[in-house]
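This report refers to the structure that appears directly beneath it.
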Amino acid sequence: MVKRSVILLAAPLVAVSVLGACGSDTASSNPASSATASSDVGSQPAEPEASVPASDLDLEGRTFVSTAVAGHELVADSEIRLTFQNGSVSINGGCNTLVGGYTIEGDTLQVPVMAMTQMACDPALMDQDAWLSETFSGAPTLAADGDNLTVTAADGSTITFLDAAVAEPAQPLEGTRWVVDGLLANQGISTVPIGAEATITITDGTAAVEAGCNTGSAPVAITDTTITFGPLTLTRMACGPEQTELENAVVAVLDGEVTYTIDSSTLQLRKAADSGEIGLNLVAS
């Protein structure tokens, strides 16, 4: 199984040898909204809404998706995702993910130390990851206007983001086919073995499961934050090592109560185990 190992990168970053996958980045940035003032004499011309100072931004718990880039050409069919969670910022431009603790000082984003996964990807995405490393470790400036966030790098290039809650409304838990794309164990996320696939589709109180090789189902009870899986019944086909490894990880999670969160088209399942927290990351297909 190919794993997402993590390396630590001390800012500022100069160049990084990394590798990536695909997304899309064809939309243009939204225009700033405007406000109309009025007086006893009559309406006044509309004035643009002032941008929010970076120091006043409430970014915690939010994910942003790139809508426009100036000064740099993104790899075709790729996008940049920016997430602020639990005092850390993570950036993904197609394959590798950069992550580090952040603070906002004045109008700049400070990420003193950044970690990056290492996966083998297309060389063009290697270069894109290196550019993102330099951009976000180089104290870029931030500006917000409504649901838009603009990041300006030291070299003058800009990335305009739109809040993912607006760009990508959350997919429903039920009725969506969720494909496993990450496995959580031992405090680390690993990728799904090449040639193996696992999915979950919940409909009418039943989870249909493709576990990696075998298929089956389990009854489920759902609350706003948890899914409780009843006994999982699977076929008993002989599987290759990659499929068996994935299936074992999936079966371990889909047992009893798990917590879940949905962020646009991604689903996270988490549960406590004797070895620590385990879980699955899934994407809507």
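The numbers here are math on the coordinates, done by the rules we state, and not lab data. Remember, predicted model here, so these are calculated numbers, not experimental data. Cβ atoms come from the backbone with ideal geometry, glycine included; neighbour counts cover every protein chain shown.
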Compute the signed sum of charges (Lys and Arg +1, Asp and Glu -1) over the other residues within less than 9 Å, Cβ to Cβ, of THR63. -1
Convert each backbone phi in region 140-151 into a coupling constant with the Karplus relation 6.51 cos²θ - 1.76 cosθ + 1.60 (shift: θ = phi - 60°), then list the ³J(HN,Hα) values in order as whole Hz, x for Gly and Pro. x, 8, 10, 8, 10, 9, x, 8, 9, 10, 10, 10
So for each of 143-151, 258-266 I average, over its residues, the number of other beta carbons within 10 Å; can you give me the resulting order with the highest mean first? 143-151, 258-266
Taking the Cα centre of region 177-285 as the origin, how large is its charge dipole in debye, to the nearest 20, when only Lys and Arg (+1) and Asp and Glu (-1) carry charge on their Cβ atoms? 100
Simple spin-label estimate for SER285 and ILE262 in nanometres, 7 Å along Cα-Cβ: 1.8
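Give the average over all directions of the projected area of the C-alpha convex hull of region 139-185, one decimal, in nm². Mind dumping the intermediate values first?
On the way: hull surface 23.8 nm².
For the Cα atoms of region 139-185, the hull's average projected area reads 6.0 nm².
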